[in-house]
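K.L.:
Here's a structure for you.
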Amino acid sequence: MVEKIKKAFDPRFDKVHTWPHLVRIEFLCAVITLLFLLVWSLMIDAPLEHPANPAATPNPSKAPWYFLGLQEMLVYFDPWMAGVVLPSLIIVGLVLIPYIDVNPKGNGYYTFHERKFAIVTYCFGFLILWVSLMVVGVFLRGPGWNFFGPFAPWDSHKVVPLTNIDLNMFLAQSLGLDFLRNPFMGMLFGGFLIVAYYSTAVLYWQAKKGSSEILQKLGVVRYGITAFLFLTMAALPVKMLLRWTFNIKYIMVIKQINLSI
Amino acid sequence: MNKLKLLLRDIQETIVQSQAWKSIFRHGYADTPRNRALAIASNVWLHLHPAKVRRHAIKLRYTWCAGGLTFLFFLVTVVTGVILMFYYRPVAEYAFVDIQYLEFDVPFGMINRNMHRWAAHSMVMMVMIHMFRVFLTGSYKPPREFNWVVGVLLITLTFLLSFTGYLLPWDQLAIWAVTVGSNMARATPLLGNEGPLAVQVGDLFDAAAGVKDTFITPRYDARSFLVAGTVVGSPTLLRFYVLHCIFIPVAASILMILHFWRVRKDGGISGPL
Ligand code: HEM
């Protein structure tokens with residue numbers, strides 16, 4: 001009862017009539033947007049290129065703009081990762097967000113400092129990985145999917161030497177770890193690295209579960225899912241960096257089942 | 001400011017007191033709380049809304065109107081899309097020339113096609129912005145978890161809607177974008193002919209069916225299921241057309257109904273608890 005009375009006098013729960021207050025805003029937004037769309041359509045025509053010709057592959061061939069972040073990932077990962085596993089994980093991860101975020105604060109208002117981790121993670125995934133890679137794909141990728149600066153002419157004869165090398169061979173060459181030249185040892189080593197990478201989540205759990213309230217609240221299942229998704233997302237820039245710095249192609253290759261990461 | 005208000009009121013009075021106005025609307029509209037509520041509750045379109053909303057929820061700086069605009073763009077594509085369907089045949093021999101016909105001979109064909117295209121792109125952009133807003137306001141938190149899930153399905157369908165439509169003009173842009181996109185399906189683990197474990201799974205299926213080198217080959221795998229053959233061709237066009245014009249819009253509409261209903265049932269637009 002007291003709660004109800006309090007609510008009735010709290011300005012944050014103040015209500016206004018939908019008609020006219022909301023309806024007029026919606027009406028204005030709709031009219032302005034439709035006008036904008038009309039002017040846009042009068043000024044710029046939808047593209048129509050030459051008729052489809054299966055024999056003439058354009059260079060570069062680009063997917064629709066909203067998938068170019070994924071196409072950009074093809075530079076760093078095989079298609080089964082960039083085209084199938086990562087998109088599936090994005091969808092699954094998004095679906096799970098409400099169920100793994102147990103922070104009750106910041107429900108229904110803008111705040112950064114009450115939910116820093118959530119917002120930084122989402123912004124990293126959305127603005128850096130999705131949007132900015134999309135921009136790179138749309139504007140900065142030319143023939144051969146080579147990188148071209150914003151105003152550089154697209155030279156279709158640009159040759160970029162393919163010097164990419166698998167991690168085990170790179171270590172064999174640079175550190176003299178010759179046993180890694182063996183594909184089986186290479187595979188074991190790569191697999192070990194990947195397991196070790198994800199195991200950091202277990203170590204963190206073991207170290208912090210006693211003292212961290214957040215981890216206790218999450219529980220082991222939610223924590224496991226969150227850590228897996230987070231580390232997988234973080235693995236993208238890690239692999240990108242490895243490519244830019246050491247030309248690493250794959251971390252692990254299992255030839256028998258045609259799987260490379 | 002006050003002078004302007006008075007002027008507007010004068011104009012309003014002149015109009016509603018005129019003979020023409022009174023001949024159309026027999027009685028006036030008394031601006032009472034009851035009538036304000038009825039304006040919403042007794043209107044089939046407007047009663048999607050509650051009669052009253054929290055003050056902060058109607059602020060543009062809260063919702064960015066992004067969900068509403070996504071819906072508006074969807075409606076524009078439905079209307080312009082149906083008009084396009086009157087002139088377009090989803091067969092490789094005809095599709096491209098039908099688009100040219102639309103552009104050059106059909107009255108308002110060009111602008112109709114432009115509106116469809118730009119509204120579709122805008123919808124894709126706006127749905128991402130809407131999702132960003134919903135995230136930033138934490139509106140996926142209880143009790144709205146499930147509406148977020150519905151939203152994720154909706155954004156997925158929005159991408160697929162746009163992607164299937166991309167093929168229909170049947171020009172170079174169309175088939176190559178869809179070729180690049182659908183080539184990914186080749187690499188599906190287990191079910192794509194170039195994916196991990198494809199050979200092993202194919203052998204299993206072959207053995208079960210008593211055939212050789214049939215399953216999980218370029219002819220029978222995840223990609224050929226998607227594009228109806230080994231290349232993006234006329235069967236792909238028909239398949240994408242049906243998905244684009246019937247299956248995905250219907251599925252998205254059903255989910256939108258659910259989405260809007262849940263916004264109300266979950267207590268209206270989110271706000272400080
Ligand atoms: C076709 C796509 C979509 C349409 C037409 C749509 C439409 C709407 C509309 C009109 C609202 C009312 C408030 C507003 O305008 O912001 C809303 C709210 C909401 N939407 Fe969407 N939406 C779509 C996609 C999504 C997506 C992709 C998500 C997130 C994954 C999502 C999650 C939500 C949630 C949680 C609310 C409640 C927000 C609140 O109470 O503050 N929607 N949606």
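Each reported figure results from applying straightforward, stated rules to the coordinates on display, with no laboratory input. Quantities reported herein were computed from a predicted structural model and do not represent experimental measurements. Here the Cβ is made from the backbone with ideal geometry for all residues, glycine too, and neighbour counts use every protein chain on show.
K.L.:
Can you give the Rg and Dmax of the range A:34-154 based on its C-alpha atoms, in angstrom?
P.N.:
Gyration radius and largest Cα-Cα distance of the range A:34-154: 19.2, 57 Å.
K.L.:
Within the range B:135-153, find all residues whose amide N lies under 19 Å from a label point positioned 7 Å from the Cα of A:Ile214 along Cα-to-beta-carbon.
P.N.:
B:135-142
K.L.:
Also, quick follow-up: Give me the distance in nm between label points sitting 7 Å out from Cα along the Cα-to-Cβ direction at A:Gln256 and B:Met85, one decimal.
P.N.:
5.2 nm
K.L.:
Please pull out the direction-averaged projected area of chain B, using the convex hull of its alpha-carbon atoms, in nm² to one decimal place.
P.N.:
22.3 nm²
K.L.:
Assuming R0 = 22 Å, what is the FRET efficiency of A:Leu231 and A:Val131, from their Cβ-Cβ distance, to the nearest 0.05?
P.N.:
So, using R0 = 22 Å, E works out to roughly 0.50.
K.L.:
If you stretched the chain out fully between A:Val195 and A:Ala152, how much longer would it get, using 0.36 nm times the residue separation minus the C-alpha to C-alpha distance?
P.N.:
Gain in length upon complete extension: 11.3 nm.
K.L.:
Sticking with this one: Shielding by partners for A:249-261, please: the mean number of other protein chain Cβ atoms within 10 Å of each residue's Cβ. Present the calculation step by step, with values, prior to reporting the outcome.
P.N.:
Values: counts 0, 0, 0, 0, 0, 2, 0, 4, 9, 10, 4, 1, 1.
Across the residues of A:249-261, the mean count of other-chain Cβ atoms within 10 Å is 2.
K.L.:
Using a basic spin-label model with each label point 7 Å from the Cα along Cα→Cβ, how many nm lie between A:Lys6 and B:Glu93?
P.N.:
7.6 nm
K.L.:
Ok, one more. Which value, in Å³ per residue, describes the convex hull spanned by the Cα atoms of the range A:2-43?
P.N.:
Residue-normalised Cα hull volume stands at 71 Å³.
K.L.:
Rounded to the nearest Å, what's the spacing between the alpha carbon centres of the range A:93-139 and the range A:187-206? Just the number, please.
P.N.:
25 Å
K.L.:
Once you sort the root eigenvalues of the Cα gyration tensor of the range B:1-139 as a ≥ b ≥ c, which label holds: rounded (a/c under 1.5), prolate (a/b larger than b/c) or oblate (the other case)? Present the calculation step by step, with values, prior to reporting the outcome.
P.N.:
Working: a/c = 2.61, a/b = 1.54, b/c = 1.69.
Note, shape of the range B:1-139 comes out oblate.
K.L.:
Follow-up. Highest mean first, how do B:15-28, A:221-234, A:80-93 rank when packing is the count of other Cβ atoms within 10 Å averaged over residues?
P.N.:
Listed from highest to lowest mean packing, they are A:80-93, A:221-234, B:15-28.
K.L.:
Gaussian network model of chain B, Cα springs within a sub-10 Å range: biggest mean-square fluctuation belongs to which of B:Val106, B:Val227, B:Val78?
P.N.:
Taking springs between Cα atoms under 10 Å, the residue moving most is B:Val106.
K.L.:
Follow-up. Which pairs break 21 Å Cα to Cα here: A:Lys15/B:Lys265; B:Lys52/B:Lys265; A:Lys6/A:Lys217; A:Lys6/B:Lys59; A:Lys116/A:Lys217; A:Lys4/B:Lys52?
P.N.:
Beyond 21 Å: A:Lys6/A:Lys217; A:Lys6/B:Lys59.
K.L.:
Once label points are set 7 Å from the Cα along Cα→Cβ at both B:Gln17 and A:Val202, what is their separation, rounded to one decimal in nm?
P.N.:
In this crude label model, B:Gln17 to A:Val202 measures out at 8.5 nm.
K.L.:
Ordered by packing density, taken as the mean number of other Cβ atoms within 10 Å over each peptide's residues, highest first, how do A:194-201, A:70-77 rank?
P.N.:
A:70-77, A:194-201
K.L.:
If you take the beta carbon distance between B:Phe260 and A:Leu188 as r and set R0 to 56 Å, what does 1/(1 + (r/R0)^6) give as a FRET efficiency, to the nearest 0.05?
P.N.:
Using R0 = 56 Å, I get an efficiency of 0.55.
K.L.:
Over chain B, with a Gaussian network built from C-alpha contacts below 10 Å, which listed residue (B:Val152, B:Val232, B:Val44) shows the highest mean-square fluctuation?
P.N.:
The residue that fluctuates most here is B:Val44.
K.L.:
Note down the Stokes-Einstein diffusion coefficient of the range A:94-224 in µm²/s, whole number, using a Kirkwood radius over alpha carbon pairs, 10 °C, and 1.306 mPa s. Walk me through the numbers on the way to the answer.
P.N.:
On the way: Rh = 19.8 Å.
Using the Kirkwood radius from Cα pairs, D works out to 80 µm²/s.
K.L.:
Shifting gears a bit: Over its Cα atoms, what ratio of radius of gyration to 2.2 N^0.38 Å does the range B:149-273 give?
P.N.:
1.38
K.L.:
How well do other chains shield peptide B:152-159, expressed as the mean number of their Cβ atoms within 10 Å of each residue Cβ?
P.N.:
Neighbouring Cβ atoms belonging to other protein chains average 3 per residue here.
K.L.:
Restricted to Cα positions, what overall size does the range B:212-269 have along the principal axes? Three whole-Å values, descending.
P.N.:
Rounded to whole Å, the extents work out to 58, 24, 13 Å.
K.L.:
Are there DSSP H segments in chain B that both extend 18 Å or more along their axis (alpha-carbon positions) and score a mean Kyte-Doolittle hydropathy of at least -0.5? List them, or say none. Before the final figure, lay out each step's value.
P.N.:
Values: long enough: B:2-17 (22 Å, -0.13); B:66-85 (28 Å, 2.26); B:92-104 (19 Å, 0.39); B:109-136 (40 Å, 0.56); B:145-167 (35 Å, 1.54); B:248-265 (25 Å, 1.02).
Qualifying helices, which must be both long enough and hydrophobic enough, are B:2-17, B:66-85, B:92-104, B:109-136, B:145-167, B:248-265.
K.L.:
In addition: Starting from the Cα of A:Lys249, draw a straight line to each of the lysines and keep only those under 26 Å, dropping any in the same chain fewer than 8 residues away.
P.N.:
Cα-Cα hits under 26 Å: A:Lys62, A:Lys158, A:Lys239.
K.L.:
Using a Förster radius of 35 Å, what is the FRET efficiency between A:Phe36 and B:Arg55 based on their Cβ-Cβ separation? Nearest 0.05, please.
P.N.:
Efficiency computed from Cβ-Cβ geometry: 0.80.
K.L.:
Now a separate question. Please report the Cα spread of the protein assembly as shown along all three principal axes, rounded to whole Å, starting with the longest.
P.N.:
In descending order, the Cα extents are 94, 71, 55 Å.
K.L.:
Counting just the Cα atoms, what span does chain A cover along each of its three principal axes? Round to the nearest Å and put the largest first.
P.N.:
Sorted from largest, the Cα extents of chain A read 77, 63, 31 Å.
K.L.:
Once you keep just the Cα pairs under 8 angstrom separated by 6 or more residues, what percentage relative contact order results for the range A:1-132?
P.N.:
14 percent
K.L.:
Here is a follow-up. For the range B:18-90, what does the alpha-carbon gyration tensor say about shape, rounded, prolate or oblate, given a ≥ b ≥ c as the root eigenvalues, a/c under 1.5 as rounded, and a/b over b/c as prolate?
P.N.:
It is oblate, given that a/c is not under 1.5 and a/b is not larger than b/c.
K.L.:
Over chain B, what is the relative contact order in whole percent, taking alpha-carbon pairs under 8 Å and six or more residues apart?
P.N.:
Details: 256 pairs, mean separation 46.8, N = 273.
Once divided by the residue count of chain B, the mean separation gives 17 percent.
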